[in-house]
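Asks: What follows is a single structure, and I will ask about it in a moment.
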Amino acid sequence: MSNHLIQELESLYRDSMTFVRINGDCTGWFPLLSGLFNLIMDNCLKDMKVVEREITMSHSLVNRFLFATYHVKLAHSVEELQDLISSDMRVVVLLALCIRFQVVRCLLPPSFQWKVVDFSWDESARNAAISTGAYVSENNMPAGIARWKNKLFITIPRWKKGVPASLNYININGNQTQTLNPYPSWEDAFVSNKACCVASNKTVVSAFRVQVDKCDRLWVVDNGVADMSSGVKQIAPPALLIFDLNTDQLLHRYEFKDEELRDSSVLTSVEVEVIGKNCDAFAYIPDMGSNALLIFSLSKDDAWRVECPFFHFDPLSNVYRVGGIEFFWNDGVSSAVLSPSKKSGHRDLYFHPTSSTKQFRISTKFLKDKYVPKEYIFSAAEVVGDRGPLSQATATDFDPLNNVIFYAQLNRNGISCWNTEKPLTEDNVPLILSDCTVLEFPNDLKVDQEGTLWILSNRQSRFLYDSMDNNEVNFRVLSAPTSKLIQGTACEKMTTMDRAFSLIKRPKSKC
């Protein structure tokens with residue numbers, strides 16, 4: 001090996017930084033002086049399943065080599081390299097430490113990222129918005145995403161003053177730091193700090209997460225409030241809006257009635273079940289603030305409230321530590337996903353409170369009936385399993401191609417998954433992506449109709465309880481094919497034999 005090539009390889013690690021993860025939290029960054037680096041092989045695990053050879057390592061036989069962290073050794077000859085390895089037992093120690101432990105897959109490069117969020121407007125309008133306080137760059141924190149064709153919708157809840165538009169989109173083929181486009185238009189989306197009401201029935205005041213259905217409709221739950229982190233200001237009644245994405249026109253707006261809400265209501269997301277070829281639908285809307293589900297029937301243009309003890313937070317799971325900030329949340333049910341349709345024509349709705357590590361489900365048979373007795377709801381809901389310590393999750397979504405639910409886990413700065421054809425145990429909910437910087441506070445995720453998982457991280461704990469450094473990247477959107485992410489993990493698609501065995505052991509849901 002030539003000196004020039006050695007120098008080029010050494011330059012790859014010059015001025016490198018790293019951190020250490022301890023119980024899900026991360027140390028600060030420190031210089032990488034020894035040339036240590038992570039070797040992550042995307043398809044290696046699948047290939048190694050057919051390898052049954054053994055090697056000798058410190059008088060022990062090793063037959064499965066999953067992941068390794070190396071000291072890089074460079075030499076001019078094989079003999080010199082052998083001398084280096086033989087004289088440095090740290091290599092053996094490092095290799096020995098890497099046998100048989102859970103693999104967290106390679107980190108995805110961000111598709112989009114921002115230090116601060118800006119919007120697509122002309123210079124004079126932007127300057128006017130800054131001067132009046134209608135736009136305060138550091139007060140805009142993206143929270144929700146959803147993809148439709150070449151659009152990626154991004155929501156910005158009005159936590160603080162200075163958010164010009166809550167519902168926005170970017171072009172998935174655009175540049176990495178592109179500005180946001182208010183939806184459906186600037187005129188409809190803009191809300192000033194002094195607004196007392198909305199000028200258009202298309203206006204979304206403050207939304208967290210949105211949903212795109214197979215009928216090319218965008219479903220948005222608007223809480224109707226501004227300045228949520230201090231003096232809450234109700235600008236419009238909480239409402240459900242449905243847009244036609246092919247025409248950008250509002251198809252329907254339903255304003256929730258007082259009996260469907262509580263003073264503490266916070267509507268965080270929406271899960272949509274399309275019924276039949278005429279695109280009738282039910283929407284399932286978690287009310288995280290008052291521990292309930294709101295059910296909306298499109299054909300009846302009506303909604304009703306469902307309560308259940310399982311919608312409440314777990315007092316043993318309300319402590320979080322993300323980005324070095326410890327906080328306490330008593331958040332109830334915040335996210336729900338639907339299983340495929342069963343023979344009965346109904347589906348299972350999988351749900352969980354944010355401050356809980358347990359997974360629950362209930363058949364939609366009991367939710368679609370406005371007049372079902374409350375005791376039926378409680379007896380129909382059931383605990384599916386526990387994801388394990390520190391597995392509190394904000395958002396979830398279902399991948400119908402692989403029958404897998406993905407979770408955005410806060411305390412672990414990562415993404416986990418569960419194959420719904422398997423029992424829900426800690427071992428069956430592996431952490432497949434994790435990074436204390438790029439995935440700090442994964443707030444939302446969505447599986448699009450092409451089988452791509454989209455992830456939004458936003459450092460929300462810093463935004464709400466500390467401060468952000470606007471010279472750093474604070475918001476990121478990552479994406480990858482779901483099948484690649486679960487390959488070689490407990491979430492990988494089951495064989496026919498595995499599926500049959502799982503059905504024997506796994507209890508069936510109540511219908």
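The values are calculated or read from the model by the stated rules, or taken from the named source; none is laboratory data. Predicted model, so just to flag it, every value in this text is computed and none were measured. Using ideal geometry, Cβ is built from the backbone for each residue, glycine included, and neighbour counts are taken over all protein chains shown. What goes into the accessible areas is simple: the full protein's heavy atoms, side chains included, and nothing from ligands, DNA or RNA. Shrake-Rupley method; radii C 1.70, N 1.55, O 1.52, S 1.80 Å.
Asks: Give the long-range amide H neighbours of ILE432: residues separated by 5 or more places, or on another chain, with amide H under 5 Å away, using H modelled in the peptide plane at 1.01 Å from N.
Replies: ILE415, SER416, CYS417
Asks: Assuming R0 = 25 Å, what is the FRET efficiency of LEU251 and ALA125, from their Cβ-Cβ distance, to the nearest 0.05?
Replies: Step by step, r from the Cβ atoms, then E = 0.30.
Asks: Quick one: dipole size for segment 161-222, taken about the Cα centre, charges +1 on Lys/Arg Cβ and -1 on Asp/Glu Cβ, in debye to the nearest 20.
Replies: Using only the charged Cβ atoms, the result is roughly 160 debye.
Asks: Report, by chain and number, residues whose modeled amide H sits under 5 Å from the one on ASP331, excluding near sequence neighbours (fewer than 5 apart, same chain).
Replies: SER355
Asks: Could you pull the accessible area for VAL191 with a 1.4 Å probe, rounded to 10 Å²?
Replies: It works out to around 10 Å².
Asks: From the residues SER434, LEU464, LEU401, which one has its Cα farthest along the dipole of segment 334-491 in the positive direction, the dipole being from +1 and -1 charges on Cβ of Lys/Arg and Asp/Glu about the Cα centre?
Replies: LEU401
Asks: Based on the Kirkwood radius over alpha-carbon pairs, what is the Stokes-Einstein translational diffusion coefficient of segment 407-468 at 37 °C with 0.692 mPa s viscosity, in µm²/s?
Replies: Here the translational diffusion coefficient equals 258 µm²/s.
Asks: So between VAL372 and GLN178, what do we pick up on full extension, going 0.36 nm a residue minus the alpha carbon distance?
Replies: Answer, rounded to one decimal: 65.0 nm.
Asks: A follow-up question, please. Tell me which trypsin sites (Lys or Arg not before Pro) from segment 312-382 have a DSSP coil assignment and no more than 14 other beta carbons within 10 Å of their own.
Replies: Loop-located and lightly packed - LYS343, LYS370.
Asks: Show me, for segment 400-413, the HN-Hα J-couplings you get by feeding each phi into the Karplus relation (A = 6.51, B = -1.76, C = 1.60, θ = phi - 60°), rounded to Hz, glycine and proline as x.
Replies: Whole-Hz 3J(HN,Hα) from phi for segment 400-413: x, 5, 10, 6, 10, 9, 9, 10, 9, 9, 6, 4, 9, 6.
Asks: Sorting ASP466, ASP348 by accessible area (1.4 Å probe), largest first, what list results?
Replies: On the way: ASP466 100, ASP348 10 Å².
Putting ASP466, ASP348 in descending order of accessible area: ASP466, ASP348.
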